[in-house]
Amino acid sequence: MNILLFSIVVGLAAALVILPISPIKKPSKKERKYNLTYAIIGTVICTVPIVFAFYYVTNLDRNFSSIWMLAIIITGLGAFFATGKERLIKLLLFTLSLFIGVFFLTAGLFNADEKYQSAKMQQKTEIDTFDEKETPASVPPKFARNKMRKSFGQVPNTSYYELGNLQIQKVDGKYVYIAPVEFSGFFKWWNGDVTPGYFTLSATDSSANPKFIKSDMLYTPSSYFNKNMERHMRSAYPEYIFYGDPQLEIDDNGKPYYVRSYGEFVSARNGFEVKGSVVIDPKNGDTKDYKLKDVPAFIDGAVSPETVSLQNSYFGNYVHGFLNSKFGKKDVKLPSDEGTEANVSPIFDENGDMYYFTDFTSPKEGVDSMLGYSLTNARTGKATYYTGNLEESYMDSQGALQIIQKKFIEKKWDGEMPVLYNFYGEASWLTPVLDSNGFLQNYFIVSASNPEISVYGNTPNNALKQYKTALQRGGGSVDGSSDAEEKQVDGTVLRVYKEKTGDYTIVSFLLDNRQSYIVSSESNPLSIYLKEGDKVDVTYQDTGESFLPVTEIAIEGLN
C-alpha cells in the first residue's frame, strides 16, 4: 500500500477510535455534526504526518500488524475520552491491543522450537576431499579492499565517492570480488545524481589488479530519498519482510543488479525465514521478485549472509528451547563470529556453487575446540551440519587464528577468513595471513585435529604441496584429491629414501620410468622393506606432483 494512503487509513482509524461517539454534554444535531467533522479532520491531520514520518524514516513494512504499538496508544486514548458503554467497548479494544503487544514482545520466549525447526540442518560427518588441482577462493576481503582503494583513481570525480560493500561472486566461470562505488555523503549525491560503476578483483589470484567497470547506477544504498535502494524496494513491495542488506551482483555480461532477501516472520513479527529475493536494476529501478527456486542463474547470493547467520544462531542455540539456551545450555553450539560477511564466510565448491561457512564452538569460556561446522547453499538456503570425526577433537577458527598470531608474533601478522577444508583426508584450516597494513603475506594451513602440523606458502597451492609433505612426515595417511585419476604402473626401483616420523616411516622411491613416488608405512606396512632393485606394482594418484602419492604397493617376493 502507498505510504501516504496507508497513513491516511491509519489516521482515519485513529480518529474513529479516539473520538467519543457519545459526548458527555448532548449538543444540538447541527453542533454534533460540525464538532465530529472538525474533530475527525483535526485528528487525521495530527496523526497522518506522524505515521507517514515514522514509516518513511524507519522503512518498516506496511502490514497492519506493524502498528501494534500505535494501536495501544490510540485505544488507550479512546477509552480515556469515552463514557458509559462506549468506554467499556474501547476498554476491551485497549485490552486486546495490549494483549497483542505483549504477545509480540514475548514471542521470542515461546517460538524457539519453531525457529529451530526452520533452521534444522541435514547432518553429515565430513565434507568431500578438496581437489588439489583447484585454487581456493582465498584472497581475503581486507586485502581486496585495500587494492581497490589504491585503484580509486580510475573513478571519475573521485571526491564524490567511496568504496561500497565487498561481495564475492562467480562471474563467467571466474571467482571475483565485486564492490560498488557509493556516494560519500548527501551533498555528493545531490551533485552527482548517479554512481559511475563498480570494481572487480580476482578472488583467487592475489597478484591481480582491480578493474573499474563503468555502469551508471541511479538507485543505490548511498542515494537519498526515493532514489535510495532500500526505500525503492519498500515502495515496490510495501508488505514484504526484508532481512539483510542489498548486495550487488553482476551477470556474465557485466550488468549490475542489487539483490535482497525477503521472507516471513516465524511467528508474531519475530524471527525470520527466507522465501525469495528481490532483484533491482539500479540504472532504471526495474524491480522483480523471485522465489528461491526461480532466482536467475547468475545470482550466487540469493540468500543474504545476515539470514544465514540468523539461521545458524537458531540451529545452535535453540536445540532444546529458549530457556536451555540461557541456562542449562545442553547441546548448545555457538556459531563463530570470525566470518567475513555477517559472521559467515562465502566459499565455493567444486561445482562453482557458493556456500556460507560457519564453525560452531562450545558456550563454555576458554574452550577453543570445534563442535562442528555448517555449509549453507547461498542460492537455496539449504544447510548441512558436519560433526567432523567424533573420535578426534577439532580446533575451532579462533584457535587457528591464535596459532597464526603466535607464529608471527614478532612481525605482528594476523590471520583473516579461516575456512575449514578437507585436505588429503585431514580436516584443515586454510587462512590468509595479513600484516598490520592489511597486505597479504602468505597462506597458512594447520591441521584441525593436530595443530603441530602446519605450513605456510606464498600461494594456496604452494602451501598445499608443503602441507601434504608435512602430513606424510607426521605419519598420517594422505588421501589423494577427490578428482585425481588413480593409475597403476610396474617397474624397478632405482633409488630409495626412508625417513622415520613418529611411529611410521615415509618411503620415497624412484622407478626406472624416472618418476618419483611417496608412501607411508601406516597404510602400506611392507613398504619399509623396499630396496633398490625391487620390482614393484604401484597404484597411485595422478596429482601431477613431483612425488606422486601411493595408495597401494606390491613388492615382488613379499606380497
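Please list, in order, the residues from the stretch 339-359 whose amide nitrogen is less than 19 Å from a point placed 7 Å along the Cα→Cβ vector of THR384. Once the point is set 7 Å along Cα→Cβ of THR384, 345-359 turn out to lie under 19 Å by backbone N, inside the stretch 339-359. Projecting the Cα atoms of SER159, ILE89, GLY425 onto the charge dipole of the chain (Cβ charges, centred on the Cα centre) puts ILE89 farthest toward the positive pole. Just so you know, the Rg over Rh for the stretch 121-183 is 1.15, from Cα atoms, with Rh as the Kirkwood radius.
Which of rounded, prolate, oblate describes the stretch 225-274, given a ≥ b ≥ c as roots of the alpha-carbon gyration tensor eigenvalues and a/c under 1.5 marking rounded, otherwise prolate only if a/b is larger than b/c? Here the stretch 225-274 falls in the oblate category. Dividing the alpha-carbon radius of gyration of the chain by the rule-of-thumb value 2.2 N^0.38 Å gives 1.27. Per-residue ellipticity at 222 nm computed for the chain from its helices equals -9500 deg cm²/dmol, with DSSP H segments shorter than 4 residues left out and the rest contributing -39,500 (n - 2.57). Rounded to the nearest 5, the antiparallel percentage of DSSP beta bridges internal to the chain is 95%.
I need the helices of the chain that pass two filters: whole DSSP H segments spanning 30 Å or more by Cα along the axis, and mean Kyte-Doolittle score no lower than -1.0. Those that pass (Cα extent of 30 Å or more, hydropathy at least -1.0) are 29-58, 84-110. Ligands, DNA and RNA left out, the accessible area of the stretch 170-307 computed with a 1.4 Å probe is 45% carbon and sulfur.
Computed over the stretch 500-543, the percent of Cα pairs more than 15 Å apart is 41. Normalising by residue count, the stretch 347-388 has a Cα convex hull of 78 Å³ per residue.
Dividing the convex hull volume of the alpha carbon atoms of the stretch 205-363 by its residue count gives 160 Å³ per residue. Note on the stretch 151-237: with charges restricted to the Cβ of Lys and Arg (+1) and Asp and Glu (-1), its dipole about the Cα centre is near 120 debye.
Orientation-averaged projection of the stretch 302-386 equals 5.7 nm² [convex hull of Cα atoms, one quarter of hull surface area]. Shape of the stretch 250-342 from the C-alpha gyration tensor: prolate (a/c of 1.5 or more and a/b above b/c, with a ≥ b ≥ c the square roots of its eigenvalues). With r as the distance between the Cβ atoms of ASP512 and ASN351 and R0 = 41 Å, compute the FRET efficiency 1/(1 + (r/R0)^6) and round to 0.05. Efficiency, rounded to the nearest 0.05: 0.55. Fully extending the segment from PHE439 to GLN122, taken as 0.36 nm per residue of separation minus the present Cα-Cα distance, adds 110.3 nm. A 1.4 Å probe run over the protein chains yields, for the chain, 49 Å² of accessible area per residue, whole-number rounding.
Listed peptides 325-332, 509-516, 76-83 appear in the order 76-83, 509-516, 325-332 once ranked by packing, highest mean of other Cβ atoms within 10 Å at the front. For the chain, a crude dipole built from +1 on the beta carbon of Lys and Arg and -1 on the beta carbon of Asp and Glu, taken about the Cα centre, is about 3940 debye to the nearest 20. Annotation: for a label point projected 7 angstrom from Cα along Cα→Cβ of GLN398, residues of the stretch 345-366 with backbone N closer than 20 Å are 345, 357-366. Each of ASN63, THR543, PRO49 was placed along the dipole of the chain (beta-carbon charges, centred on the mean Cα), and the one lying farthest toward the positive end is PRO49. Just check the stretch 33-189 against the gyration tensor rule for me: Cα atoms, a ≥ b ≥ c as the square roots of the eigenvalues, rounded for a/c under 1.5, and otherwise prolate or oblate depending on whether a/b exceeds b/c. Oblate. Counting only protein heavy atoms and using a 1.4 Å probe, the accessible area of VAL10 comes to about 10 Å². Extension gain, ASP286 to SER184: 0.36 nm times the residue separation minus the Cα-Cα distance gives 34.3 nm.
The values are calculated or read from the model by the stated rules, or taken from the named source; none is laboratory data. Because the structure is predicted, anything quoted here is derived from the model rather than measured. Neighbour counts run over all protein chains shown; Cβ positions are idealised from the backbone, glycine included. The protein model used for the area step is the full one, side chains on, heavy atoms only, and it has no ligands, DNA or RNA in it. Shrake-Rupley method; radii C 1.70, N 1.55, O 1.52, S 1.80 Å.
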